[in-house]
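Please read the structure below before turning to the comments.
The values are calculated or read from the model by the stated rules, or taken from the named source; none is laboratory data. Remember, predicted model here, so these are calculated numbers, not experimental data. When we count neighbours, we look across all protein chains shown, and the Cβ atoms used for this are built from the backbone with ideal geometry, even at glycine. In case anyone asks, the SASA skips ligands and DNA or RNA and just uses the protein heavy atoms, side chains included. Shrake-Rupley method; radii C 1.70, N 1.55, O 1.52, S 1.80 Å.
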Amino acid sequence: MSSIRPSRTRLLTAAATVAVAAFSLTACNDGEGVRNEGSSAGASSTASASGSSSQEDAKTGAAGSKSTADVPAASGNGKSGTSGKKGVTCQGSNTKTVAAPLNRPVNHMLLTVTNTGSSICYLYGYPAVRFGEAQSVPPVIEDSKPQAVVTLAPGESGYSSVNLSAADGSGTNGHTEKSLAVYFQGRTADEDVPSAAHPSLPAKGAYIDDSLKVTYWQQSMDDAISW
């Protein structure tokens, strides 16, 4: 009996040890630890994704706000200004004007005005050209009037063609001039535009007669030379 009792005690002790081990193993593998760790990782990922999304939204919002703020006001011909700056009248002080004879149409000269300023400028009406010491401004070709005011962003150019003399020789008082002044118009007749342009003429000068006339300012060269 005494030998059996210790053996039974040892057996019970061993069984208890196995049960404790099994309980511990079950506690580790019952999914609670995995779920808790997964929830923690998921929460971390969600927070990270939410943070990234918020940052992206903030960036997008900032970009959107910047784009909106930088959008300049549209002009009459659908073009826009730059950097949100207010447009001004084109004149000699903020443009460069070039006068170039044309082969076609014959007896024509092309005036090219390029915006050299930092803001958009508007070419109103048509150029008031003065060859030599002329006392009057040549008429404009009314049919050449564009649908909208010509608008020039910095670096862009506008055009007008000058019909110097009659192609069939029917013009009167033909003569050669060596100098040219180009005066600009304002938005209204009351606006004073004091700064004229003085483009160079060819060395031989420009031959003109009483049929001299000009086109309205045009947004494209093709439109200017079509008259």
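Restricting the stretch 152-226 to GluC sites (Glu not before Pro) that sit in a DSSP loop and have at most 14 other Cβ atoms within 10 Å of their own Cβ leaves Glu191.
Under the criterion of Cα pairs below 8 Å and six or more residues apart, the relative contact order for the stretch 85-227 equals 32 percent. With the convex hull constructed from alpha-carbon coordinates only, the stretch 80-227 shows a mean projected area of 8.8 nm² over all directions.
Among 105-116, 132-143, sorting by the average number of other beta carbon atoms lying within 10 angstrom of each residue, highest first, gives 105-116, 132-143.
Quick check of the Kirkwood formula: for the stretch 176-227, what is the inverse mean of 1/r over all pairs of different Cα atoms, in Å? Averaging 1/r across every pair of different Cα atoms and inverting gives 13.5 Å. Once the Cβ-Cβ distance of Ala148 and Ser93 is raised to the sixth power relative to R0 = 22 Å, the FRET efficiency obtained is 0.40. Counted residue by residue at 0.36 nm each, then reduced by the alpha carbon distance between them, the extension gain from Asp210 to Arg104 reaches 36.2 nm. Modelled spin labels at His198 and Ser118, positioned 7 Å past Cα toward Cβ, are 2.7 nm from each other. Each label point was placed 7 Å from the Cα along the Cα-to-Cβ direction; for Ile141 and Ser170 their separation is 1.5 nm. Accessible surface for Lys145 stands near 130 Å², nearest 10, in the context of the full protein assembly shown (1.4 Å probe). Put a dot 7 Å past the Cα of Lys86, heading toward its Cβ, do the same for Met221, and the two dots end up 3.5 nm apart. Using a probe of 1.4 angstrom and keeping all protein chains present, the accessible surface of the stretch 167-227 works out to 60 square angstrom per residue.
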